[in-house]
Each structure stands twice: as structure tokens, then as C-alpha cells.
Amino acid sequence: TPLEKIRNFSIIAHIDHGKSTLADRLIQRTGGLTDREMSAQVLDNMDIEKERGITIKAQTVRLEWKGHVLNLMDTPGHVDFAYEVSRSLAACEGALLVVDAAQGVEAQTLANVYQSIEHDHEIVPVINKIDLPAAEPEKVRHEIEDIIGLDASGAVLASAKSGIGIDEILDAIVERIPAPRGDIDAPLKAMLIDSWYDPYLGVVILIRVIDGMIRKGQQIKFMNAGTQHLVDRVGCFRPKIEQLTELGPGEVGFITAQIKEVSQTAVGDTITDVKRPAAEALPGFKEVQPVVFCGLFPVDANDFDKLRESISKLRLNDASFSFEMETSAALGFGFRCGFLGLLHLEIIQERLTREYDLDLITTAPSVVYKIHLTHGGGEIELHNPADMPDPNKIEMIEEPWIEATIYVPDEYLGPILKLCQDRRGIQKNLTYVGGRAQLVYELPLNEVVFDFYDRLKSISRGYASFDYHQTGYREGDLVKMSILVNNEPVDALSMIVHRAAAEARGRHMCERLKDLIPRHLFKIPIQAAIGGKVIARETIAALRKDVTAKCYGGDATRKRKLLEKQKEGKKRMREYGSVQIPQEAFIAALRMG
Ligand code: GTP
């Protein structure tokens, strides 16, 4: 396809503003799918994505409209996948900005819009859902101008649901978004946008050709990875797979090259020709590093092998998540896993539970700390509180910080400010737009990974939106807090906390455990300690717990059932200095963070 006939664009939208519905409409209108095939949303192709309505893996679809080829790049909509978003955007010249006519602009939309602006994109605003009775397109038009600073006079008013404005959007893409540039005679240079494992095709690699041509049978080289492969398929998605003989400059499509693992295909790598290589790789390549770690353990120790298999399978398709074996005295054998963020963690955890039918215990999420050792001992990265060195050997600990942007309706502002303040936040900015406050805070990531997002949502009844990016490391007064049950430390419950917050968190944890651990024939002390110093303490009084006491009616079957249940429960207990802690107690204690 000649360059001037190509348009590459993405769709930027806040969750639920209608991105998938619009994408489906565009595919349908341009003839990629029949009405019947349209029944299921096409671009979101994993179950969890569908259920949660979140797009995780970037996909692309080639559309044809009035003699032009339009490549729609679907970008992941969440901050955890920021680098994937940025590579998809780098493969486009423009974007549709979809804003819900009833909801207006949201914080998460902003981050993506600014990224798109940074990539010099031509942005076409689309005000969607104008069919809704609550739609206020003019108000939203002003919001786009005031908040984002984009000219919205040419915004297309649309309803993806009822099919209004679809042709106008397609025309706007052709007319307003610039054609890509590139040199067909230069050595091959293509960017690796995404890759995934397909059981039939092996690893499929999505690329955007910058210069030159890529063909079946070509020997190619990944410039950052330094590996070579033979291209065995070239094609595109309409959204059904269509094989092509070649892809030229400006084009987006896929290749396969008999690659076995996605970990060999890093997003952002540059693909070139072995015989006639490009002089230099594309800029901006970044190795993605997990930022949040936690332990995953099977509830039933017999499931360990199954867990290992399932994790390995998931990893086939997601090179950004890492895992290594971990043993815990409390929880047995499991894995320490690294994720791009909390949502990423939740998605993996949910897939393991649901698709692989595993019952899991997740330990409290932890960020990556940089520990500077004394006496020139150097610097280590700490992923697991259990590996914390002796405090005497630590000179200084650094923790990651983020800059968070929060949008919240005025009436919830007070409690949100307090929440940020309680989490050691530093307020950078507070502005009002319409009836909403835009808050910018610097926060330690460690305070956010526990339950910040949940708290934010519950305080604001779901109205606050939140977005963040990491800004670097800062020194923090951090300590390891251990939990002791009957004077034995329980490794799975230890955590790294700020010294000022340690006491409150320790007290909270002891109180919780007191309710969760059943009484025994002897008194059980529960303590939170920093080093050798106890900072909080609770005691479980000695008492024999008779589970049948409640059944004074004397129903024999019920009594027997209860006793059987208790026996069952016993099997799952872990013993701590002769104290038996039921698995449920760990799960509940870890849930609260
Ligand atoms: P993510 O995949 O989570 O990013 O969401 P999305 O932006 O793709 O939103 P999606 O297309 O799934 O739409 C969210 C909800 O809004 C769905 O229930 C749609 O049916 C509905 N919706 C989308 N477009 C319109 C529209 O034009 N009018 C109305 N009334 N509803 C719409």
C-alpha cells in the first residue's frame, strides 16, 4: 500500500466510555465482519478482559475505507501497561479521543491523551453516547478544551451503540490524521509492538514497519535481543487473519518466525534485515521491570505442581510477569511473583483461580526497595520482606515514589485529602474544573499497593478516578515488622512499613489475628515487633472451643457434620510453637494488607 493511502490510529478512552463498542462499529461498517460475527466484542478477546471490560493486550485491525487502509491499534487502557501503551502509540500518527457525553473527561484519559500529544499525534475528539438522556455534549466539548487544551470544535458527536456518527469518524480519520512517513529503499527497520503465544502459529509478533520491506523467507535480526530468525509468515488481521506476501513502510501487521517463547520478543525491540541491517535501532527501547511483588501459595499443598504448570503457561503469554520458587514456614511451597502493578497482579491471580481452578493464598504485595549496606557492602534490591538484611548492616533504604493524579467530585475532596495525607502524600497541586477537583499528589508506592485504590473508590462512592506514574526512588525511614504468634515469627505476615505507621499497623494486625486464631488450651501471645522490640501485643485467652455448643437442640446429624468440618479444618492448620493457625486466618489477615 502506498504511504499516502495509510492511516494508523489508536483509540484513547477511559474505561466504559465505549472504546470497544466503537471499534466493533468501525470494523462492521468497513466490512471486516458480518453482523452475526459482530455479536461478540472482537478486540477484547480474553474472558477476564471481557468481564472487567479492560483491554490488556494490544491488538490491531486493518480496515478499508474509501480507498484507504486504516490500521486501528487497540491499546491497553491501564497505567500498569504504560510501556505497551507507549509503543502502540509510537506506531500511530493519530488517535480518536473517545469521551462519554454523560461522564466527561477522566484522569486516566488524561494520561493517555498527554502521551498521545507527546507522540505528536493528530487527535480527533469523539463525543460518544449522545443517545443517552443524560448526555451533555456541549459541556463535554468545553471540558475537552478547558481540561485537555484540545480544540474540540471539530469533535464528532457519536453513538457507538446506535451507529450515529460512524461514517463521520471514518472520514475524519482519512482527512485529519496524517499519512505515515518512511523510506521503502532504506534497510528494514520495524518496531516490535506486541507479541503473544498462539497454540497454532507459535509466537505471533505485531510490528509497524518504519523503513524498508519485510517478506516471507527473510532472515531478520532483533537488534536489542541480538537474535536472528527466519520469517515464515507475514499478514494482518481484518480482524480475521489474512496472509500477505510483504509489509512495507507505514504498514502494521504481524509476522511469525518459529519463535517458541514471548520472552524472546521484547516490546519496543527493532527488527532489521540480517544481510542489510539498519545503522541504528529505534529510540526508546526499555526493558520492562516488575514493580510489585507478592508470594502466591496453593491453599492445598498438593496443588503445588499444578500451580507451577499454570504459572508457566501464563508466563508463555506474558513476559512482563516474573516468578521464582519461594518457601515459607507458614505457607509451604509457592512462588514469589513480580508484576507491573496491582491490576496486573489481580489479573494473574484471577486467571490462576478461575482458568486453572486453583485455590491461592496471596501474601501482602511489596514494592522493590533499594537497600544500601554499610561498610561498602553495596546496594541490593529487596523483593521480599523475608529477605531483609540485619538492620545493623543497613545504611539506608530507598523506596519508589509515584506522582498520582486524582479526579474527584468536590463533595468527597476532604476525605480524599486526608487519605493521601495519611499515606505520607505530598500535595503538589489542587485545581477545580467544573464541579471536580484535580489533585496531584506525590506518594510512596508502598502506601498505594496495600488498599489505596479500594479506599479511594469507597470514600468517593466510585466517583474518583486515579492514575499514576513512577517518579524515582527516595530515602525512607522503613523497618521490617514481624508478627509473632506464641513467640514464633510467622514469615508470611512480615512486612516493610514506615516507622511512623508501624505501631498502628502492628496493632491492627494483632487485633485481627486475635479474632482469627481460635482459642487453645493455653494463652497465646500475638506480637508485632521491630527487631527485638515489641510494638503491639494482644493475647488470646485460654479456652476450649466447643463447636457443638451452639447446637443445644441436639440435632445429631448437624452435630456430626460440625465435628467433621472441624476435623477437616484441622488438616489445614499450620502449627506455630504448638499453636494451630487455620489457613483462613492467614488469608483474612493478608487480605486487609
Ligand atoms: P474498556 O474495554 O473497559 O476500555 O471499556 P470500553 O471503553 O471499551 O467500553 P465499552 O465499549 O465496553 O462500553 C462500555 C459500556 O457503554 C457498554 O455497556 C456499552 O454498551 C456502552 N456504550 C458504548 N457506546 C455507547 C453509546 O454510544 N451509547 C450508549 N448508550 N451506550 C454505549
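Placing unit charges on the Cβ atoms only, positive for Lys and Arg and negative for Asp and Glu, gives segment 385-466 a dipole magnitude near 460 debye about its Cα centre. For segment 380-510, the number of Lys pairs with C-alpha atoms closer than 22 Å, counting only pairs eight or more positions apart or on separate chains, is 4.
Computed packing ranks the peptides 282-290, 268-276, 181-189 as 268-276, 181-189, 282-290, most packed first, by mean other Cβ atoms within 10 Å.
Partner aspartates and glutamates whose Cα lies under 17 Å from the Cα of residue 216, excluding those fewer than 8 positions away in the same chain, are identified as 232, 242, 246, 251, 273. By the compact-protein rule of thumb, 2.2 N^0.38 Å, the alpha-carbon radius of gyration of the chain corresponds to a ratio of 1.09. Annotation for residue 471 and residue 543: the two label points, set 7 Å from Cα along the Cα-Cβ direction, are 5.0 nm apart. Taking only protein heavy atoms and a 1.4 Å probe, the accessible area of the chain is 48% carbon and sulfur. Evaluating 6.51 cos²θ - 1.76 cosθ + 1.60 at θ = phi - 60° for every residue in segment 399-405, the Karplus couplings come out as 10, x, 10, 10, 10, 10, 10 Hz, glycine and proline recorded as x. Averaging the Cα positions of each part gives two centres, and for segment 289-337 and segment 446-490 these lie 22 Å apart. Summary value for the chain: 9 percent relative contact order, contacts being C-alpha pairs under 8 angstrom separated by 6+ residues.
Between the helical axis of 304-316 and the longest alpha-carbon principal axis of the chain there is an angle of about 20 degrees. Sparse packing (at most 16 other Cβ atoms within 10 Å of the Cβ) combined with a DSSP loop state is found for the following chymotrypsin sites (Phe, Trp or Tyr not before Pro) in segment 351-420: 356. Dipole size of segment 143-202 about its Cα centre, with +1 on Lys/Arg Cβ and -1 on Asp/Glu Cβ: approximately 240 debye, rounded to the nearest 20.
Taking one quarter of the surface of the C-alpha convex hull of segment 229-358 gives a mean projected area of 10.8 nm².
Please give the residues of segment 442-462, grouped as numeric ranges, whose backbone N is less than 19 Å from a label point set 7 Å along the Cα-to-Cβ vector of residue 430. In segment 442-462, the label zone of residue 430 (backbone N under 19 Å from the point 7 Å along Cα→Cβ) covers 442-444, 456-457, 459-461. Note: relative contact order over segment 411-553, using C-alpha pairs below 8 Å and six or more positions apart, is 16 percent. Taking Cβ atoms as reference points and 14 Å as the exclusive limit, the residues near residue 377 contribute a net charge of -2, counting Lys and Arg as +1 and Asp and Glu as -1. Test of understanding: extend the Cα→C-beta vector of residue 175 to 7 Å, then name every residue of segment 119-149 with backbone N under 14 Å from that spot. Within reach of a label on residue 175, which here means backbone N under 14 Å from a point 7 Å along Cα→Cβ, segment 119-149 contributes 124-125. Taking a ≥ b ≥ c as the square roots of the Cα gyration tensor eigenvalues, segment 404-443 comes out oblate, since a/c reaches at least 1.5 and a/b does not exceed b/c. Looking at the chain, the DSSP beta bridges with both ends there are about 85 percent antiparallel.
Among rounded, prolate and oblate, which fits segment 180-270 when a ≥ b ≥ c are the square roots of the eigenvalues of its C-alpha gyration tensor, a/c under 1.5 means rounded, and a/b larger than b/c means prolate? It is oblate, given that a/c is not under 1.5 and a/b is not larger than b/c. Counting only protein heavy atoms and a 1.4 Å probe, the chain has 45 square angstrom of accessible area per residue. Protection proxy ranking of 376-382, 166-172, by the mean of other Cβ atoms within 10 Å over each peptide's residues and highest first, is 166-172, 376-382. Simple rule: put +1 on each Lys or Arg Cβ and -1 on each Asp or Glu Cβ in the chain, find the dipole, and look at 257, 229, 380; the Cα lying farthest toward the positive end is 380.
Straight-line cross-link partners of residue 306 among the aspartates and glutamates, defined as a Cα under 20 Å from its Cα and at least 8 positions apart when in the same chain: 318, 324, 326, 346, 350, 355, 357, 359. Only the Cβ atoms of Lys and Arg (+1) and of Asp and Glu (-1) were treated as charged; on that basis the dipole of the chain about its Cα centre amounts to roughly 2360 debye. Charge tally around residue 286: other residues with Cβ under 11 Å, Lys/Arg +1 each, Asp/Glu -1 each, net -2. Only Cα pairs under 8 Å and 6+ residues apart enter the sum, and on that basis the relative contact order of segment 396-444 stands at 50 percent.
The values are calculated or read from the model by the stated rules, or taken from the named source; none is laboratory data. Predicted model only: the values in this text are computed from it and were never measured. Positions of Cβ are generated from backbone atoms using ideal geometry, with glycine treated the same way; all protein chains shown enter the neighbour counts. Accessible surface areas use protein heavy atoms only, side chains included; no ligands, DNA or RNA. Shrake-Rupley method; radii C 1.70, N 1.55, O 1.52, S 1.80 Å.
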